Amino acid sequence: MGMSDFLEGYTFKTLRPGDIVKGEVIKVSDEGIIANIGYKSDAFVPKNELSLNPNFDVKKTFNVEDELDLYIISVENDEGNVLASKVMADDKLSREKIEKAYKNKEIIEGEIIEVVKGGVIAYSLGAKVFIPASQLELHYVDKLNEYLGKTLRLRIIEYIPGKKIVGSQKEVLKLEREKVKKALLSNLKEGDIVEGKVKNIIDKGAFVDIGGFDGFIPLSEISWERIKNPREVLGIGDKVSVYILNVDEKKKITLSLRKVLPDPWENAETKYHEGDVLKGTVTNITPFGVFVQLEPGIEGLIHKNDLENSIKTYKINDTIKVEILNINQQDKKINLKEVPLEEEDIPEIEHQELRITLGEIFNKNF
């Protein structure tokens, strides 16, 4: 490109501090660059006026014939050159870009150049952008120095011209997470079995992260066995396979853990028969009778008329001997009556403990 082409449209009769002009790099050194600005004197741009990053390498960043926007600091310095600044030109020109990015919620890139109290400073669109520590990640961040030199994708979340520019990588990450959620939700359907990790446990159930968002396992869907607290079976951080029970219009997902476990009722009629006498454990006491567990997940009811004693005399976890009156596998009901507990040992029906089965499920495919 000839000088006449370069200067076309950039004729300066006078040059004043504060002007922004085009410059062509004619010399590069460790101290800075010299640029032809079409004026009687060339412009010198010291290193600290080329970038806000004090550690950048001038010779690796700039080359002869590069074109730059330069802000005129002074028309003539001690050496007879114009003193100019690329940083100040970028800052002035960047205001329009920053305002546009802020209004349009654009995603921009910024290099982290400094760690300050409460966050870091990024250089983006020719301006310094403050990123609070709370806006760096979706999780808590305490080692801010690890971000120095990294380039992050940001959104401008606060902008006061000439005073404040605040950016956030967290907002970008949230948007990406929402896209992943939307894609995953569009593919989820009732009956699917997915992998997840227990995130939180409350008395009514457990929350499981199934790929960036949470589903909920109600207490009744955690185990075939009657349990009072999810913590009897689950712990935070446990990896589990879960069954999708429902995805409602509000994108709430209801899960089941017990549906990925063997249903103890599937073979109940082959294991239990009318007239069998065996031991069981009292799990619930009601005004009309006592529920007795024969194995985890299978309970039968002894009506109060079929008890040996008054209901008030029974306690949870009591061991009693029962006889099976009838069994309905389809409705998952067994009617029992109590028989006197004698000294002889009544063999229990063999079954696999629930926790062993859960352990096998947790470790499967992990």
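The values are calculated or read from the model by the stated rules, or taken from the named source; none is laboratory data. Note that this is a predicted model, so its numbers are computed, not measured. Don't worry about glycine lacking a Cβ; one is built from the backbone with ideal geometry, like all the others, and counts go over all protein chains shown. Keep in mind that these areas ignore ligands, DNA and RNA; they rest on the heavy atoms of the full protein, side chains included. Shrake-Rupley method; radii C 1.70, N 1.55, O 1.52, S 1.80 Å.
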Show me the GluC sites (Glu not before Pro) within segment 187-226 that DSSP assigns to loop and that have at most 14 other Cβ atoms within 10 Å of their Cβ. Glu190
What list of whole percents do you get for P(r) of segment 189-260, with Cα-Cα distances grouped in 5 Å bins up to the one holding the largest distance? 4, 19, 32, 27, 13, 4, 0
Radius ratio Rg over Rh of segment 26-90, counting only Cα atoms, Kirkwood formula for Rh: 0.93
Separation between the Arg231 and Glu67 pseudo-spin-labels, each 7 Å from Cα along Cα→Cβ, expressed in nm? 6.9 nm
To the nearest 0.05, what FRET efficiency results for Asp214 and Glu31 with a Förster distance of 56 Å applied to their C-beta separation? 0.50
What is the distance in Å between the Cα centroid of segment 114-144 and that of segment 286-319? 63 Å
Given R₀ = 25 Å, what would the calculated FRET efficiency be for Asn284 paired with Ser310, taking r from the Cβ atoms and rounding to 0.05? 0.90
Per-residue [θ]222 nm for the chain (sum of -39500 (n - 2.57) over DSSP H runs n ≥ 4, rounded to 500): -5000 deg cm²/dmol
Beyond a 19 Å Cα-Cα separation, which of these cross-linked pairs lie in this structure: Lys271/Lys315; Lys279/Lys333; Lys170/Lys199; Lys47/Lys97? Lys271/Lys315; Lys170/Lys199; Lys47/Lys97
Charge tally in the Cβ shell below 15 Å around Ile165, where Lys, Arg are +1 and Asp, Glu are -1, Ile165 excluded: 0
At 1.4 Å probe size, with no ligands or nucleic acids counted, give the accessible surface of Lys179 in Å², nearest ten. 150 Å²
Where the only charges are on Cβ atoms (+1 Lys, Arg; -1 Asp, Glu), what is the dipole of the chain about its Cα centre, to the nearest 20 debye? 1480 debye
Among Leu257, Leu278, Ile202, whose Cα sits farthest toward the positive end of the charge dipole of the chain (+1 at Cβ of Lys/Arg, -1 at Cβ of Asp/Glu, about the Cα centre)? Ile202
Hull surface over four for the Cα convex hull of the chain, reported in nm², is 29.1 nm²
What FRET efficiency comes out for Lys174 versus Glu146 if R0 is 22 angstrom and r is the Cβ-Cβ distance? Round to the nearest 0.05. 0.55
Within 10 Å, count the other beta carbons around each residue, average over each peptide in 309-317, 323-331, 230-238, and list them highest first. 230-238, 323-331, 309-317
Might you work out the accessible area of His273 for me, using a 1.4 Å probe with all protein chains in place, and round it to the nearest 10 Å²? 90 Å²
Quarter of the surface of the C-alpha convex hull for segment 105-174, i.e. direction-averaged projected area in nm², equals 4.3 nm²
Chymotrypsin sites (Phe, Trp or Tyr not before Pro) restricted to DSSP loop in segment 216-312 with at most 14 other C-beta within 10 Å: Phe288
